[in-house]
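Nothing in this text is a laboratory measurement; each read-out follows from the coordinates by a stated rule. This is a predicted model, so every value here is computed, not measured. As a convention, Cβ positions derive from the backbone with ideal geometry for all residues, glycine included, and neighbour counts pool all protein chains shown.
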Amino acid sequence: MRNAPFVTNYLSEHLADDAYATLDGYQRADGYAAARKAVRELSPDEVIEQIELSGLTGRGGAGFSTGRKWSFMPRDERPALLVCNADESEPGSFKDRLLLERAPHKILEGILIAAWATRAQKTFVYVRGEYAAAAAAVERAVAEAYEGGLLGDDIMGSGFRHEIVVVRGAGAYICGEETGLLESLEGKKGQPRKKPPYPAERGAFGLPTTVNNVETFAHVPHIIANGVAWFRSFGTEQSPGTTLFGVSGQVLRPGLFELPLGTRLDEIVFEHAGGVPEGRKVKGVIPGGVSMPILPAGQLDVRMANEFLHERHTRLGTGGVIVMDDTTCMVRVASVISYFFRDESCGQCTQCREGTGFINKLVDRIERGAGEERDIGILLDVAGSMEGQTICAFSDAAAWPIQALLRHFRSDFEAHLGTETCPFPASFES
Amino acid sequence: MTVRITVDDLEIEVREGRMLLQALDDAGLLAHEIEIPHFCWHPKLSIDGSCRLCQVEVEGESKLQIACNTKVVDGMVVRTDSERVRNARAGVMELLLVNHPLDCPICDQAGECKLQDFAFDHGRRACRSHEPRRTLAKNVAIGPEIVFDQERCILCRRCVRFCNEVTGTGELGVFGRGDASVVDTFPGVPLDNAYSMNVADICPVGALTTRDFRFKVRVWDLDEVDGICTGCARGCNIRLGVAKGAVQRAVPRRNDAVNGTWMCDPGRSSCRAVGAPDRLTEPRLRGRDGRLAPADIATAIEAAAARIRRLVDAKGAGVLAGIASAHATNEDLFAFWKFLDSIGAGTRGAPVVRGASDGILIEPEKAANARGAREIGFDVTGAIAERIRSGAVDAAIVLGHDILDAQFLGGTEALATLDTLVVLDLHQSELHHVADVLIPTRHAAEKDGTLTNSMGRVQRVRRALEPPGQAWSEGHVISLLGAALGLAGFDGGWDAASVSAELARSNPRFAGIELAKVGSGGLDLADVAVAAATASGEA
């Protein structure tokens, strides 16, 4: 690849170029050179080793080491599978959509390298139901790749075989959870599976399966092409590389910004996204999609990498930064977020099924002025009951934002008690 | 291979590779020494892991673990009653109750409701929710036997798994998601299979109840007695719920060697036949006018004995047939066999009605003791009907009315030509038109004895109910008849235990099986036990 070490936008460099979504355009930019290098020059174990050494972490929200995940794949007689999780549904996140629509071949190349490394025979690209354009772009790219000998039997003359199938989801947030995705992929209701067994042992159709996020795959060709040291020159020691920060909310320049992990949140909000409208102040910022705990204005000096965000009791999530200014009613925010989780809970586990609805009802009671002091305590108790006790992390994701809103903005909740007039009348108006 | 684990202060050895709840269940400790409350887990269904009530603390794990899906490993230390565990349970219980209608006073599950029990044992004292509760379908007949209350459902999905995994019929599903999730049937497909009533047994709450039992009687007013279902040769272990002098319901009693935790719907109906209105309640004797008239037992026995003695004296014992019933106990049948030996009657049989089987529980032989009848020596094919039709028989002692089944004799014509017909039966039947002597008998739930199921498991029945009128076990009637005929070994008394002991002594298949030794789970016939021991030795 042509990426020079000083280029910090290796993922997004060509996204403005329409031709980059085509095989020709992608190959003109040295596309598929990394895949060729992998299948011709590197053993699967060497690829896994490179990825593990690079420190690449999953960009879907959990932030687990990609190389280690690949190393969990058992070496047995069963055919192995790969899944590209393109069910991007976290409110505040829109990075995968751009990659799918504008750089589908980069994702396919990442998939090919991962397939080589994990000895997978087939990849399912599971695309969020609402992402029609993204699915069409990936389908076009897959067809071109077959045509160009980059998929199918004997890829690039190496003898390696791989198939890619594009699957459309039906629009459920929970199908972004990897085992919920696998259930949906198998044609069942999207409900996360209890673990163990983990997907590497029994994934899609009972076969060993690795599931990675779209953006995670997109980093892989760059690492293989440019090396571990190059990749580690971006970001922090524990969180190397760049990521695509999607900034939305009350900022002047919302959009997608590719920046090294570890970039300060205030730099993202004020320098890159232009800050809040004149005369307003930042009230709070959600650092990584609505399931991640909010940070108050005073804590924006944090570096955006899990090792630093952890100290502030929050996480990077998907890097979807949501900015709220001082007109925002945090009870209203809690209401919107809790409604989302209530609507999207799959309904298996007691705490999540009942807790998401109970929290939403309690928050709405407070919002409409019918709340009492004790309701705040109940909210915290219920959120506590939902944390760390369920089949998947959805329940935590529903509990954390409420806990954080109460931790940092309890006075907003208290100001609603016994008054039918919202203290923030302009909230959500602009 | 076993591993040693510590649960609270109890150190136990359990099978390797098992999940914690399963391991404790194997060891017979669950709900006895160790209580881990749970809703979705059931020993005979797949693991669901969704109710989250069985969370326990496992040393070395930062999060609480669900006992239903946590593998036991050697040296594992588990706490089931720490403060963290108690808080987690209280949290689950509070959330399970925020949408529950709390209509316990009018709910028929009250008294055996796990939600109620666990709310008292593990929940908070009071409800903290002011929020509106879900309003859903109530009192819906989702099948011929089952009534569904959707509001009370806690979505443990046991019923859904039962229909998927046990019957394979898949009538139930969870529709919607989040707190809009509901269990329901698919449009136009009722819950209608031969095991549908099991979903009411496994439903931990009052969401699924049986049309048959609901609102009949409060469960705390039931006398519950152990029994064996007599509907087919499986011999499912059951518990009869008795109140107001009648069987109000039959539910399965767990026996992993026989029926697991299930029983079929026809079996439940058959158990209700104990108290059917057509039960015989007094001996009857056909008078000179050709009508059956009530008689006391001594008169009835003497009349039967006189007719048999006269015939045997005139024509020899060859003209006497013994038609046994595979509904009678091993002891009854052994007494009958001995009687026929003693008098010298060679024509013997125990016709067993055959029907459909399903590979789950329902067996083709529709009598609880068909295997026992065979083991004692009776031919169960119905060949005896040919002997009667051929005219070689002048008198018959008939136990039950299975012989009337279309496969055997059809109508009563052939029996009408007999000189003497002595009938011992539970219910009124066509035999009444042709019987000379009619003596009421006891149902399996009204007497002591044993039944041998199709797999060769000898199981105990107990005198749990009083018959609706006068009734004697078949063996007792035979003993009276034998004494009246002056046959050796018959004194007119009846003690099932001593007959059982005699059977154990005289028939090697029943070696070692005496009524008193047959516990609640039953004992295998000697050859079955040997076969099982050999098989496990080889394994």
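Only aspartates and glutamates eight or more places from residue A:189 in sequence, or on another chain, were considered; those with a Cα closer than 14 Å are A:177, A:178, A:344. Separation of the stretch A:228-272 and the stretch B:326-405, taken as the distance between their Cα centroids, equals 86 angstrom.
Normalised by the residues of the stretch B:303-401, what does the relative contact order come to in percent, with Cα pairs under 8 Å and at least six apart? So the answer I get is 37 percent. Measuring against 21 Å, Cα to Cα, the residue pairs B:138/B:216; A:194/B:71; B:216/B:244; B:44/B:517 contain B:44/B:517 as the ones spanning a longer distance. The helix-based estimate of mean residue ellipticity at 222 nm for chain B, built from -39,500 (n - 2.57) per DSSP H run of four or more residues and divided by its residue count, is -7000 deg cm²/dmol to the nearest 500.
First check a/c for the stretch B:57-174, with a ≥ b ≥ c the square roots of the eigenvalues of its C-alpha gyration tensor; if it is under 1.5, answer rounded, and if not, answer prolate when a/b is larger than b/c or oblate otherwise. Numbers along the way, then the final one.
Details: a/c = 2.57, a/b = 1.36, b/c = 1.89.
Note, shape of the stretch B:57-174 comes out oblate.
Sort A:179, B:135, A:263 so the one with the fewest other Cβ atoms within 10 Å of its own Cβ comes first. It would help to have the intermediate numbers written out before the result.
Values: A:179 25, B:135 10, A:263 21.
By the 10 Å Cβ count, ascending, the order reads B:135, A:263, A:179.
Axis angle, to the nearest 10 degrees, between helix A:350-367 and the longest C-alpha principal axis of chain A: 40 degrees.
Over chain A, calculate the relative contact order: mean separation of alpha carbon pairs under 8 Å at least 6 apart, over the residue count, as a percent. Kindly include the intermediate steps, with their values, before the conclusion.
Working: 907 pairs, mean separation 67.1, N = 430.
Relative contact order comes out at 16 percent.
When the chymotrypsin sites (Phe, Trp or Tyr not before Pro) in the stretch B:185-293 are filtered for DSSP coil states and for at most 13 other beta-carbon atoms within 10 Å of their beta-carbon, the remaining sites are B:215.
Hey, got the dipole for the stretch B:284-513? About the Cα centre, +1 on K and R Cβ, -1 on D and E Cβ, debye to the nearest 20? Walk me through the numbers on the way to the answer.
Numbers: 24 positive and 28 negative charges, 42 e Å.
I would put it at about 200 debye.
Sorting A:73, A:156 from the fewest to the most surrounding beta carbons within 10 angstrom yields A:156, A:73.
Entry note, the stretch A:242-325: relative contact order of 36 percent, from Cα contacts under 8 Å with a spacing of 6+ residues.
Charges were assigned to the Cβ only: +1 to each Lys and Arg, -1 to each Asp and Glu. The resulting dipole of the protein assembly as shown about its Cα centre is roughly 860 debye. With Cα atoms defining each centre, the stretch A:71-88 and the stretch B:461-476 are spaced 66 Å apart in the structure. Helix A:394-416 axis versus longest C-alpha principal axis of chain A: approximately 30°, rounded to the nearest ten. For the pair the stretch A:370-420 / the stretch B:37-115, the C-alpha centres are spaced 23 Å from each other.
Listed by chain and number, the lysines whose alpha-carbon sits under 18 Å from that of residue A:122, ignoring those within fewer than 8 places in the same chain, are A:69, A:106.
What is the mean number of Cβ atoms from other protein chains located within 10 Å of the Cβ atom of each residue in peptide B:49-55, rounded to a whole number? Rounded to a whole number, the mean comes out at 5.
At most 13 other Cβ atoms within 10 Å and a DSSP loop assignment: could you name the trypsin sites (Lys or Arg not before Pro) in the stretch A:116-191 that fit?
On the way: sites: A:119, A:122, A:128, A:140, A:161, A:168, A:188, A:189; in loops: A:119, A:128, A:188, A:189.
Filter output for the stretch A:116-191: A:188.
Taking only the C-alpha atoms of the stretch B:2-81, Rg followed by Dmax gives 11.3, 30 Å.
Based on DSSP H runs of at least 4 residues, each adding -39500 (n - 2.57), what is the mean residue ellipticity at 222 nm of chain A after dividing by all its residues, to the nearest 500 deg cm²/dmol?
Calculated mean residue ellipticity at 222 nm is -12000 deg cm²/dmol.
Please give me, ordered by residue number, the GluC sites (Glu not before Pro) of the stretch B:1-99 that lie in loop per DSSP and have at most 10 other Cβ atoms within 10 Å.
Hits after loop and neighbour filter: B:59.
Helix A:214-226 and the longest principal axis of the C-alpha atoms of chain A enclose an angle of approximately 50°. What lysines does residue B:315 reach when the alpha-carbon gap must be under 25 Å and sequence neighbours fewer than 8 apart in one chain are set aside? Answer for residue B:315, where 25 Å is the Cα cut-off: B:338, listed by chain and number.
In terms of the Cα gyration tensor, with a ≥ b ≥ c the square roots of its eigenvalues, is the stretch B:284-513 rounded because a/c is under 1.5, prolate because a/b exceeds b/c, or oblate? Before the final figure, lay out each step's value.
Numbers: a/c = 1.44, a/b = 1.25, b/c = 1.15.
Since a/c stays below 1.5, the shape of the stretch B:284-513 is classed as rounded.
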